[in-house]
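Below: the structure, in structure tokens.
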Amino acid sequence: MPRLTPLEGWIGARIGLAAGARLTRSALEQYQLDRLHETLAYVREQSPFYRQQLTESGTPASLEEMATLPFTTPDQIREDDRRFLCVSAGEIERVVTLHSSGTTAPPKRLHFTAHDLELTVDFFHHGMGTMVRPGQRVLILMPGELPGSVGDLLAKGLQRLGVTGIIHGLVRDSEETLRRIVEEEIDCLVGLPVQLLGLTRHPAARRLCRKRLTSILVSADYAPLAVKEALSTFWEVPVFDHYGMTEMGLGGAVECAGLCGYHPREADLYLEIVDPLSGEILPDGEPGEVVFTTLTRRGMPLVRYRTGDLARFLAEPCPCGSVLRQLERVRGRMGGVFSLASGGQLSITQLDEALFPLPFLLNYQAILGQRDCREVLSIGIETGSGNSAGFTSQVQDALLALPAIAEAVAAGVLTLDTDGTGCSAPSPTIKRAIIDTRQGSGP
Ligand SMILES: [Zn+2]
């Protein structure tokens with residue numbers, strides 16, 4: 001049986017259980033309802049946005065009655081983030097500005113107080129206990145120069161665990177990063193899935209002792225299974241997944257040793273899965289959109305925020321034995337499924353699982369366009385050798401293994417362009433997506 005997630009004891013202490021007392025769902029849900037009531041009273045009092053947004057809503061008497069509260073959307077934050085603020089500007093410790101890829105939409109700004117950032121450090125401290133132990137060393141391949149940035153908060157959380165967190169930043173030169181893994185005697189890597197794949201498939205990685213790491217954590221973008229498998233096979237270590245976003249306070253949920261889904265930081269966040277069209281709350285086991293409410297945030301609390309991520313709660317108990325909820329691996333983003341002229345459907349998740357098993361592939365970009373009245377799927381690939389010309393037939397074969405693509409090609413309505421005309425390697429900091437340039441699909 002995998003070890004119980006350390007989040008369980010931490011959350012038990014957070015909700016005021018006596019030391020040694022076992023966390024129960026009913027105690028946790030009573031705590032969540034109490035914090036929800038506090039949050040609603042607080043935002044009605046302090047936030048001009050919620051004062052207006054919640055005018056017509058009552059106060060839910062139970063968590064099931066959450067459905068009576070309206071959703072908050074990313075566009076509402078984009079319109080005017082300052083209307084969400086519950087504290088004066090002077091109390092804001094950090095502002096994160098998020099630009100969305102491929103659109104001209106204004107950026108989203110999220111504001112955090114020192115108290116909000118402290119809660120995230122506390123989550124990282126306890127969540128990382130799943131995969132590292134005191135005395136170990138973690139190389140953080142994420143931005144961390146600024147106080148309050150994700151790398152900075154993670155390093156602070158690790159320090160409380162007696163673990164050294166070394167902030168490296170995003171990988172720019174794989175060979176240099178691999179050298180640091182050896183020189184700094186690193187035990188655990190934390191980074192973006194595709195960046196970690198780039199390191200793993202770099203020729204210099206084969207000269208390293210693969211036994212040197214004890215764990216890997218992938219974060220900041222949804223991790224294709226094929227990428228996680230490539231990482232765990234090469235390094236021979238468990239690969240843990242973290243699910244979070246800036247809006248959640250940078251940290252959200254982390255896998256336990258059972259490696260079959262994430263446990264959320266339920267003392268700080270209340271998660272729901274809703275039907276993306278009707279907005280109804282879905283029962284456990286059914287996939288839908290992840291919606292969350294912050295329970296302890298001071299600077300910019302969010303009530304029923306629609307993430308656009310697709311996932312489901314697992315109905316079965318976690319093998320680690322925790323009573324915490326378990327969110328299955330996020331399956332991608334809403335709006336990320338594209339209808340082809342053939343009637344089939346295509347998503348970045350399908351492309352990821354088809355292409356990432358190719359051992360030469362470091363990254364790729366997919367553009368769905370139109371040429372001479374036919375649809376064209378252009379794939380530009382990035383390989384370790386810098387030369388992609390020799391690999392086009394393998395990319396073609398991998399794509400044709402997807403039924404939606406094979407059918408559309410056979411019907412003569414889709415052309416595959418695996419020379420990647422017009423493609424370039426996507427930025428590691430932008431979430432993975434198919435770019436749709438077909439007529440009538442532009443922003
Ligand atoms: Zn578990």
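The values are calculated or read from the model by the stated rules, or taken from the named source; none is laboratory data. All figures in this text were calculated on a predicted structure; none of them were measured in a lab. FYI the Cβ positions are ideal-geometry reconstructions off the backbone, even for glycines, and counts take in every protein chain you see. With ligands, DNA and RNA removed, areas are computed over all heavy atoms of the protein, side chains included. Shrake-Rupley method; radii C 1.70, N 1.55, O 1.52, S 1.80 Å.
Okay, here's what the table says:
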quantity: Hydrodynamic radius by Kirkwood, which averages 1/r over all alpha carbon pairs of region 148-296, in angstrom; calculated: 16.9 Å
quantity: Separation of the D397 and V182 label points, Cα + 7 Å toward Cβ, nm; calculated: 3.4 nm
quantity: Measure of compaction for region 337-436 (Cα Rg per 2.2 N^0.38 Å); calculated: 1.00
quantity: Within the accessible area of the chain (1.4 Å probe), percent carbon and sulfur; calculated: 52 percent
quantity: Antiparallel content of DSSP bridges confined to the chain, in %, to 5; calculated: 65 percent
quantity: Cα point-scatterer Debye curve for the chain, base-10 log of I(q)/I(0) at q = 0.06 Å⁻¹; calculated: -0.27
quantity: Charge dipole (debye, nearest 20) of region 132-237; +1 at Cβ of Lys and Arg, -1 at Cβ of Asp and Glu; calculated: 300 debye
quantity: Under-5 Å amide H pairs with L302, H placed in peptide plane, nonlocal only; calculated: T294
quantity: Per residue accessible area of the chain, 1.4 Å probe, in Å²; calculated: 43 Å²
quantity: Cα convex hull of region 85-137 - mean projected area over all directions, nm²; calculated: 6.1 nm²
